[in-house]
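Remarks on the structure that follows.
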Amino acid sequence: MATQVKEKKPLHLANKMNIKKGDTVLIITGKDRGKEGVVSRALPQVNKVIVEGLNVVKKHVKPQGQTRQGGVIEKAMPLQVSNVMLKCTECKEPTRVSRERRPLGQDQKLRPVRVCKKCHKVIEDRTRS
Ligand SMILES: [Zn+2]
C-alpha cells in the first residue's frame, strides 16, 4: 500500500485565510503568547503565517566550506493561523473577522473585505493599495 504523502494544496484550492501579509497580529499561544508582530509572509497552503521577529528559533549551523560561516542564526518559524489573532486596524483590538462585500474606493464598487467583529469597520488590507 502506498504511503500517504501530505501534499501542499495548489494555491487556488488553498484555504482562504483571514490574515494577510502586512497585518498586525497578536500571538495567543506558545512561548510568544501576548506578543504582537507584523505578518511578513502568509502561507495559505499550510494555514500558517510568518510573523517578523516572533516564534524565532536559534539554529546552530556548522561551517560549510568557505561559503557559510558557522554559528547561531535566528529564524522566524511559521505559526498556525489559529494561534494568532488579527488586530483590527480601526479599534486596535484583537478580533475575529467576517467577510463581507462593501462599497469601496472611488467608484464605490462592492468588493470583498474583512470586517472587524468588534467595531464592524473594514480592516485595512495593506497588500492592496
Ligand atoms: Zn475593530
A correct Karplus calculation of ³J(HN,Hα) over segment 42-53, with 6.51 cos²θ - 1.76 cosθ + 1.60, θ = phi - 60°, whole Hz and x for Gly and Pro, returns 9, 10, x, 5, 10, 6, 10, 9, 9, 10, 3, x
Descending packing, highest mean Cβ count within 10 Å first, for 43-52, 113-122, 62-71 is 43-52, 113-122, 62-71
Computed for the chain: size of charge dipole around the Cα centre, +1 on C-beta of each Lys and Arg, -1 on C-beta of each Asp and Glu, debye to nearest 20, value 220
If amide H atoms are modeled at 1.01 Å from N in the peptide plane, then the residues at a separation of 5 or more from residue 111, or on another chain, having amide H under 5 Å from its own are 102, 104
Here the equivalent ellipsoid of the chain, derived from its Cα gyration tensor, has semi-axes (largest first, whole Å) of 33, 20, 15
Mean separation of Cα contacts under 8 Å (at least 6 apart) over the residue count of segment 11-93, i.e. the relative contact order in percent, is 29
Non-local residues with an amide H under 5 Å from the amide H of residue 84, with H modelled 1.01 Å from N and Pro and chain starts lacking one, are 28
Interchain or sequence-distant (5+) residues whose placed amide H lies within less than 5 Å of the amide H of residue 43 are 48, 49, 50
Here, residue 62 and residue 21, labelled 7 Å along Cα→Cβ, have an inter-label distance in nm of 3.5
Stretched fully, the stretch from residue 29 through residue 98 gains (0.36 nm per residue minus C-alpha distance, one decimal, in nm) 22.6 nm
Note, segment 57-74: 3J(HN,Hα) by Karplus (6.51, -1.76, 1.60, θ = phi - 60°), whole Hz, Gly/Pro = x, goes 10, 8, 10, 8, 10, 7, x, 10, x, 9, 7, 10, 7, x, x, 10, 10, 9
Applied in sequence order to segment 94-109, the curve 6.51 cos²θ - 1.76 cosθ + 1.60 (Karplus, θ = phi - 60°) yields integer Hz couplings, x standing for Gly and Pro, of x, 8, 9, 10, 10, 9, 9, 10, 10, x, 9, x, 5, 8, 6, 6
With a Förster distance of 30 angstrom and the Cβ-Cβ distance between residue 127 and residue 69, calculated FRET efficiency to the nearest 0.05 equals 0.30
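Throughout, read-outs are computed from the coordinates displayed, never taken from laboratory work. Please read these numbers as outputs of a predicted model, since none were measured by experiment. Don't worry about glycine lacking a Cβ; one is built from the backbone with ideal geometry, like all the others, and counts go over all protein chains shown.
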